[in-house]
Amino acid sequence: MAILKILQYPDERLHKVARKVERVDDATRRLIRDMAETMYAAPGVGLAATQVDVHEQIIVVDVSEEHNQLKAFINPEIIAIAGEEESEEGCLSVPGIYEKVRRAEKVSVRALNEKGEPFTLEAEGFLAVCIQHEMDHLRGKVFVEYLSQLKQIRIRAKLKKRLRETM
Ligand code: GNR
Ligand code: NI
């Protein structure tokens with residue numbers, strides 16, 4: 001197991017588009033375990049492979065308090081959505097920034113599990129928010145891109161300043 005380095009916004013690698021996983025194998029399962037360990041250590045409730053500079057369609061999510069509800073999605077696709085809801089989001093790649101984002105309230109997601117078997121999951125509430133947030137990462141989209149240009153400029157300036165100060 002290993003804790004991986006999480007890319008920090010603004011880093012252009014966060015905008016790469018992830019490719020489909022062709023074969024679910026031991027390397028895929030090892031990456032999922034390392035992503036889960038990295039997510040729990042952060043701590044966070046989700047992580048996309050993009051954030052650890054692996055540009056493959058893999059996400060992990062665990063919104064449970066006990067950290068015992070790990071869900072891994074390989075090649076996830078949203079096949080249905082319902083409703084709309086606005087909630088405050090944060091991101092391990094954008095530390096210390098919390099802003100409201102509107103998303104679908106419910107989503108049906110189709111993906112492969114760690115064995116390469118297809119499954120469908122219906123999610124709502126915070127789990128649905130997290131799945132949508134992680135799937136955005138796979139398309140190269142960071143949640144701050146939903147905010148106004150002015151807010152994005154301020155966030156970039158703040159994070160660049162913080163990066164300079166910690167180097
Ligand atoms: O840890 C995280 N918390 C969170 C809170 C509200 C909405 C989305 C998230 S996901 C985030 C972890 C992360 O950056 N995943 O990409
Ligand atoms: Ni994120």
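Residues of the stretch 70-86 being more than 16 Å from the chain's Cα centre (by Cα) and among the small types (Gly, Ala, Ser), which ones?
Ala80, Ala82, Gly83
Given the residues Lys106, Lys71, which is the only one that is charged (D, E, K, R), under 17 Å from Leu121 (Cβ atoms), modelled with pLDDT of 95 or more and buried (at least 19 other Cβ atoms within 10 Å of the Cβ)?
Lys71
Quick check, is Ala36 in a strand (DSSP E or B), under 25 Å from Arg23 (Cα atoms) and away from ligand 1 (no atom under 12 Å from the Cβ)?
Here the answer is no, as Ala36 does not meet what is asked.
Cβ contacts < 9 Å: first residue farther than 19 Å from Arg13 by Cα, restricted to the stretch 31-51; second residue aromatic (Phe, Trp, Tyr) and assigned to a helix (DSSP H, G or I), any location; separation 6+ or different chain. Result?
Listed pairs, sorted by first residue: Val45/Phe126.
Is it the case that some residue within the stretch 61-69 is under 12 Å from the mean Cα position of the chain (by Cα), within 29 Å of Arg156 (Cβ to Cβ) and within 13 Å of ligand 1 (Cβ to nearest atom)?
yes
Take the conditions open to solvent by 40 Å² or more (accessible area, probe 1.4 Å), under 19 Å from Thr28 (Cβ atoms) and among the acidic types (Asp, Glu) and apply them to Glu86. Does it pass?
No: the conditions fail for Glu86.
The values are calculated or read from the model by the stated rules, or taken from the named source; none is laboratory data. Only a predicted model underlies this, so the values are computations on that prediction, with no experimental measurement involved. Glycine also receives a Cβ, built like all others from the backbone with ideal geometry; neighbour counts cover every protein chain displayed. Side chains are part of the model used for accessible areas, which takes the heavy atoms of the whole protein and leaves out ligands, DNA and RNA. Shrake-Rupley method; radii C 1.70, N 1.55, O 1.52, S 1.80 Å.
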